[in-house]
Amino acid sequence: GLDLGSEAHGARHLAHICGTAARPCPRRGSRFWEPASGAAAAAAASAATATVAAARMVKALSANRGGFLLSANLEATHERVGRRKRQREKANQRAQQVELEAEKRPRTQNQWLEAERKKTQLPAAAGGRADDKWSADAKDTKSSKASKLDLDDDGPIGRKKAKRMAVLEKKKAQQASKKALKDKKAHNEAVEAVKGKAKAGELAQAASDLLKRCRRDPTGEQRLIALVAERVAGEPEKELELFDIFFELHATGSDLRTKQLALLSAVAIFKDLVPGYKIREPTEQEKAAARSKAVLAVEKHELGLLQTYRRLLPALEAAMKRDAGTFAYALAALVKAASDFNYRQRLIGTAVKYANNPDETVRRAVSEGVQEMVEADRRLESSKEVVLAVGHIAQGAAAGRGAGSLQVELLQILLRLQVGRSEDAALQEAAADYQGADEDVKRGLAEASISQGSEQLRKAEAELLYEVFCVYLRILRQRHIHSRELVASALVGLARWGQQVNLELLLEILTELRQSVQDAINQTDELVALQGLNCALVLLSGPSQALLTDATWLPDALTRALALALPSLHATHSESAAWPPRGCYELADGKHVRASRKELAHTLEAESVPCLVLRVLDNAMRCPHGFGRASDAALASLLETLFLLAMGADSHVGLALLREASVLLKKHRRLHTLLDAEGGLFGLGGVTDRAVTIAWHLQPLACSLSPAPARVGKGLAETLRSRRALLSDLFPSREGRPWLEWEFPQHLAALSEVPTPDKASKAPNGAWLRASKPAAFVLSDAELRTRLGMSNMDV
């Protein structure tokens, strides 16, 4: 009637009751028992006795109801724990410990996402990417499961398990060594070109093979240059090493022309390949890092370009020393293309040096290239290098060092500086959509932008202007050792940017300007005098209008300077060496003439005395220190000088001056007494006063052979006296400056009206005239004497 809890205890109890010991039958299973004998039977009997005693004790305690032994753990403590059970218990303990530590340690969102990805990652598919991060983790997990390695196992490692582990470790070591060797080989190939400057005679294998197959005569070498240029331009990433052929033929060519063509071809190809940024060589840490094949290919190409440029620039500098006229245009092209590349300071310094060359052809070619580079500079970094190089040359010329003095082309380069980009950048930033963005977003957008921000540009402009004013003031104070064109260019630059300086420097500049104008008038130099007056009037017309300074010298100096300008009024482009000026006009399609308004404006500003006279008059009328509040006597003297210049100047230039003088006289009606033959008295001579009139100046204008000045001379007096007549009905142009710009097109358009000698022309009365003889003829001196009936003795 006892429930002993198990089949074994029941069997033992039954054996005790029967007085025999029994054990399970191994052949028939645990449900069939067989008698035991000997010691086994005795042990079984004693165990059965102990079990019955224990059962009685339990029954007795249960009858007491509430005994404390009922809650005791009576399980056997000496029960044997197997290996698997012990591993499960340890695994459960570790899991609980990890969970507790994870709860105690806070995690970020990225860490949590990373942990969840690892928990829920899928096995790698067949043919997946080898460089995939999650595929690699999946492969590692799969391989670890397949190898059945359990490093946390406290039990002994068998021989088979140790063998499998050794094989896996060996495979991993082999894969790691192969990958490291491959990366090292690829990196060595990428940095092979930049271990240092190439030695003389070092050639790539492909270049050496082409040179061996080439016929070493001028024709064969020139054909090879053309072939190499075509191959490098077609596939620069693969054929960049063929640049060695250019350098080799430039050094060891058959004749001089081949050597020149080799270097010129190298420059022409390289200027199309050079990037618009600096190439930085990788550091040791970057070399040790793993990179993809595409990154290594780009790095190899960039380092190859850098190594080629390290050989090309010194070769071009050496060639410029030998023959500057041949390679000047190549240097100009390289400056325009590689101004943002490595070794920018060296390249720009060389270009500025040859822009100051005594040879006009070299100087003009290089300076035009530098001007285009300065105009296209967005970050103003290259412009700053140009200004520093010009200042260095100016300082050397002032100290008597260097070859010769400064040339005017250097200061014309400074006139092309793009000062004012900061304002445009500020307007673009104000119109952007990220005004409410935080600093990190704005910083990221600024780094990704192709142009700099307004703050950086404003700082760069301030540094530029500081260096530019140092150059201008150095030239102005040492004007006795410089040419008049150079001083005039410095005054043009001061007039353009002089209002951006502080008041202390402005007063110093005005003092220098007054002295420069007086010296120029004493030396009858109308160009410097008018430029100095224009600069002073511009500086006093800006924010410095309220400045208290002595400016009483301006009206008298202006009248005297205008009187000296008559010899320079023979043409619109009076100071230009060529007519029309270079770069202003071009012939398109062989039929149409196109004008560059930008180049024309620069030419009129720097090389035109008539246009300078108009600017001085305009600024003088607007400046309160000039003629803005001048007396009638000063205005009368100015008008007399203007009509005198219009009467003696070129007919085209005189019309522009007449237009400005007529507008001024129409505005001041109290000066209409100048139109009378007797004139008016304005106290110009003191005790010995003289009458001022312009009536006699209109008489030669009315007799001019040109139709436009003749019409103005005849009808100007009546138009000025009338309140209803308009000056625009009398003059062919409403403004003087556009009329000056039309000088060359009008002369060119006149050719379309001239009849050709071999064609008939139509008379004004409608009759057709047959041209049997040329309308224009050219005779020699002897033929002319014969035609006129003169002899050599009559001369």
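Quick note: the coordinates plus some simple rules give every number you see, no bench work behind them. Everything numeric in this text was worked out from a predicted model, so none of it was measured. Glycine also receives a Cβ, built like all others from the backbone with ideal geometry; neighbour counts cover every protein chain displayed.
Couple of notes before you dig in:
- Cα gyration tensor shape of the stretch 450-547, rounded if a/c is under 1.5, else prolate or oblate by comparing a/b with b/c: prolate
- Extension gain, Glu423 back to Arg280 (0.36 nm per residue minus Cα-Cα distance, nm): 48.3 nm
- Cβ-derived FRET efficiency at R0 35 Å, Asp556 paired with Cys470, nearest 0.05: 0.65
- Within the shell of other residues whose beta carbon sits under 14 angstrom from the beta carbon of Ser662, the net charge comes to +3, with Lys and Arg scored +1 and Asp and Glu -1.
- Two-site FRET efficiency, Val593 against Ala226, from Cβ-Cβ distance with R₀ of 35 Å, rounded to 0.05: 0.50
- For Val593, the residues whose modelled amide H falls within less than 5 Å of its own, excluding neighbours fewer than 5 places apart on the same chain, are Ala588.
- Projecting the Cα positions of Pro218, Ile245, Ile269 onto the charge dipole of the stretch 211-281 (unit charges on Cβ atoms of Lys, Arg, Asp and Glu, taken about the Cα centre) puts Pro218 furthest along the positive direction.
- Positive-end ranking of Cys535, Tyr585, Ser516 along the dipole of the stretch 516-600, with charges on Cβ about the Cα centre, is headed by Tyr585.
- Test item: Cα-centred dipole of the stretch 595-695, Lys/Arg +1 and Asp/Glu -1 on Cβ, debye: 420 debye
- J(HN,Hα) series, the stretch 609-623, from Karplus relation 6.51 cos²θ - 1.76 cosθ + 1.60, nearest Hz, glycine and proline x: 6, x, 5, 5, 4, 5, 5, 5, 5, 5, 5, 5, 6, 8, 7
- Using the Karplus relation 6.51 cos²θ - 1.76 cosθ + 1.60 with θ = phi - 60°, the per-residue 3J(HN,Hα) values for the stretch 218-230 come to x, 5, x, 5, 5, 5, 5, 4, 5, 5, 5, 4, 5 Hz, with x marking Gly and Pro.
- Stretching the chain fully between Ala578 and Ser631 yields a gain of 14.9 nm (0.36 nm per residue, less the alpha carbon separation).
- Model label points for Ser292 and Asp323, set 7 angstrom from Cα along the Cα-to-Cβ axis, are 4.8 nm apart.
- Charge tally in the Cβ shell below 13 Å around Leu539, where Lys, Arg are +1 and Asp, Glu are -1, Leu539 excluded: +1
- Cut-off 12 Å between beta-carbons: net charge of the residues surrounding Arg723, Lys and Arg +1, Asp and Glu -1: +3
- In terms of overall dimensions, the stretch 599-654 has a Cα radius of gyration and Dmax of 13.1, 39 angstrom.
- Averaging Cα coordinates gives a centre for the stretch 516-571 and one for the stretch 609-683; these two points are 15 Å apart.
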